[in-house]
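Worksheet for the structure shown next.
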Amino acid sequence: MIGILGGTFDPPHYGHLRPARELVSALGLTELRFIPAANPPHRPPPVAAGADRLKMLQLAIAREPGFVADDRELRRGGPSYTILTLTELRAELAGRSLCLIMGMDAFLGLDRWHRWQELWDYAHIVAMPRPGWPVEQGLPAWARPRLCRDARELAQHPTGRLWIQPVTPQDISATRIRADLARGASVADWVPPAVLQYIKDNRIYH
Ligand code: ATP
């Protein structure tokens, strides 16, 4: 199975990297592709330029085996619809099972994504709990029939199942990191050193 983690990565932080590491080992993913969005359709445009977000991502994952930065959405331009990305990946990776990974905040808004019901025809979805977005409040009705009881069910179906992977909570967001950088506070606990150096050298978010 190949994991796909889309996002703005504005900047990438340990809230992306640590849960991603845990997911790779829990699900036995052979590869995890980080795909920065060019123009995310459901949120304000990113602050940093696409080229800087890609570079920061490359620095963040440089020492992580199995992590790959995939720049297709930046190259494609236009609204970064996940359904288009999955269609491309499906064609390139015939025979591989795809897991679309997202935090619980993103997952709970999935039914507002472009052609969201078709996403299930291309991939499984793996949601990660995120502080502030408790799963205990219950999954939406549209999600419940797809929920696996055991992660092994993902391997038994080609697409269309939902798994909620417990991960060590990381109370980190890029919004908070940008705000702290803008007021000169330290973000060293949340961002890999090479990314922080890049931010400083290029005066991003200041
Ligand atoms: P922002 O604060 O700018 O909205 P973000 O911190 O949510 O950014 P994104 O790049 O938008 O970061 O997130 C990409 C994906 O990673 C999303 O699916 C998001 O839910 C997930 N994610 C981000 N931070 C965490 C975290 N701390 N724990 C679990 N999932 C996370």
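Counting only DSSP beta bridges with both residues in the chain, the antiparallel share comes to about 5 percent.
With both labels modelled 7 Å from their Cα along Cα-to-Cβ, the H206 to A185 distance reads 1.9 nm. Take each peptide in 86-96, 2-12, 37-47, count the other Cβ atoms within 10 Å of every residue, and average; sorted highest first, the result is 2-12, 37-47, 86-96. The long axis of helix 50-61 is offset from the longest Cα principal axis of the chain by roughly 80 degrees. Rounded to the nearest Hz, the phi-derived 3J(HN,Hα) couplings of the stretch 41-46 under the Karplus curve 6.51 cos²θ - 1.76 cosθ + 1.60 (θ = phi - 60°) are x, 10, 7, x, x, x, where x marks glycine and proline. The Cβ shell under 13 Å around A106 holds other residues with a net charge of +1, Lys and Arg each +1, Asp and Glu each -1.
Using the 1.4 Å probe convention, the accessible area of the stretch 2-170 works out to 46 Å² per residue with neighbouring protein chains retained.
So, with a 1.4 angstrom probe, what is the percent of accessible area on the stretch 2-170 that is carbon and sulfur? Could the numbers behind the result be given before it?
Numbers: 4090 of 7850 Å².
In the stretch 2-170, the share of accessible area belonging to carbon and sulfur is 52 percent.
Please report the orientation-averaged projected area of the chain, defined via the convex hull of its C-alpha atoms, in nm². Result: a mean projected hull area of 11.0 nm².
Net charge dipole, the stretch 57-206: roughly 120 debye, given to the nearest 20, about the Cα centre with Cβ charges of +1 for Lys and Arg and -1 for Asp and Glu.
When shorter helices are ignored and each DSSP H run of at least 4 residues is given -39500 (n - 2.57), the per-residue value for the chain at 222 nm works out to -10000 deg cm²/dmol. Spin-label pair T87-E153: with each label point 7 Å from Cα along the Cα-Cβ axis, the two points sit 2.9 nm from one another.
The values are calculated or read from the model by the stated rules, or taken from the named source; none is laboratory data. Please read all numbers here as calculations on a predicted model, not as lab measurements. Virtual Cβ from ideal backbone geometry, glycine too; neighbours counted across all protein chains shown. Only protein heavy atoms, including side chains, enter the accessible area calculation; ligands, DNA and RNA are left aside. Shrake-Rupley method; radii C 1.70, N 1.55, O 1.52, S 1.80 Å.
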